[in-house]
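The values are calculated or read from the model by the stated rules, or taken from the named source; none is laboratory data. Note that the coordinates shown come from a computational prediction; the quantities given were computed from them, not determined experimentally. Every residue, glycine as well, gets a Cβ built from its backbone with ideal geometry; the counts of neighbours run over all protein chains shown. Please note that ligands, DNA and RNA were not included when accessible areas were found on the heavy atoms of the full protein model with its side chains. Shrake-Rupley method; radii C 1.70, N 1.55, O 1.52, S 1.80 Å.
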Amino acid sequence: MAGQLDYHAMCEIFTRFQAAEPEPMGELDHVNAYTLVVAVALSAQATDVGVNRATRDLFKIADTPQKMLDLGEEGLIQHIKTIGLYRNKAKHVMKLSRILVEDYGGCVPNSRAALQSLPGVGRKTANVVLNMWWHYPAQAVDTHIFRVGNRSGIGPGRDVVAVERAIEDNVPVGFQRHAHHWLILHGRYTCKARKPACGTCLIRDLCLFEDKTL
Ligand code: SF4
């Protein structure tokens, strides 16, 4: 695990990320807060591309909790059975849809605690929804951010909550909102798990990783 990069390095890194991609976007398709919650819940151990393929038709007919309940669990399964763990995920989506209808008037709550109380919604999912839908500067630490944070020194930590805190504490506030997308995209396309592309990495000179590739 690298040490924590200092303030000046963090400013420079995020200035470069911003210059390269001023408005980074998540890659999970959704049409409202509810479909974002469902898409993120479906995305555990699945690719965004695979989830988008499954939800393209699903969200045309079930873009609210009530419509999802009307579709029913078996109907939902027909749309998502190409996604890993689909039976469990279908159960969670039906349960959370019922709670949203019964307890929240069909709306998605916007506190981390309320989101995390929904079946199938963990801290990471709640942070994705807070960030992407409400533009709150939450850091949803996934496998990519965990790897990039620890290799580079942007957000070192032994577990995801420690990395989340390190990013919150050290990324200058003006960059906080987009930090999570910049880091996900950097991990997905450059700082890859098996063979990071250090030779073309735009933060190579600042990164603290000791085993950089050429
Ligand atoms: S230099 Fe290499 S290890 Fe460091 S952030 Fe870039 S790709 Fe990752």
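Per-structure values
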read-out: Pairs where the first residue, in the range 51-77, is more than 14 Å from Leu36 (Cβ to Cβ) and the second is part of a helix (DSSP H, G or I) and of a type in the set (Ser, Thr, Tyr), C-beta under 7 Å, 6+ apart; value: Leu69/Ser97; Ile77/Tyr86
read-out: His135, sole failed condition from (1) within 14 Å of the ligand (Cβ to nearest atom); (2) at pLDDT below 95; value: (1)
read-out: Phe59 being out of contact with any Pro (no Cβ under 9 Å at 6 or more places or on another chain) and closer than 24 Å to Lys192 by Cα; value: no
read-out: Residue tally, condition over 20 Å from Asp142 (Cα atoms) and loosely packed, with under 12 Cβ neighbours inside 10 Å, over the range 156-173; value: 1
read-out: Residue selected from the range 20-65 under the condition modelled with pLDDT under 95 and among the hydroxyl-bearing types (Ser, Thr, Tyr), by the criterion nearest to Leu130 (Cα to Cα); value: Ser43
read-out: Pairs where the first residue, in the range 141-159, is within 20 Å of Val40 (Cβ to Cβ) and the second is among the acidic types (Asp, Glu) and open to solvent by less than 40 Å² (accessible area, probe 1.4 Å), C-beta under 6 Å, 6+ apart; value: Val141/Glu164
read-out: Residue among Thr200, Thr190, Thr213 that alone is within 16 Å of the ligand (Cβ to nearest atom), at pLDDT below 95 and not aromatic (Phe, Trp, Tyr); value: Thr213
read-out: When residues of the range 89-122 are limited to those that are open to solvent by 70 Å² or more (accessible area, probe 1.4 Å) and touching a residue at least 24 places away in the same chain (Cβ under 8 Å), the one farthest from Ile61 (Cα to Cα); value: Asn110
read-out: Neighbours by Cβ (under 6 Å, 6+ apart or cross-chain): first from the range 189-206, open to solvent by less than 60 Å² (accessible area, probe 1.4 Å); second more than 8 Å from the ligand (Cβ to nearest atom); value: Gly199/Leu214; Ile203/Ile13; Leu206/Ala9; Leu206/Ile13
read-out: Yes/no for Ile145 being assigned to a loop (DSSP other than H, G, I, E, B) and aliphatic (A, V, I, L, M); value: no
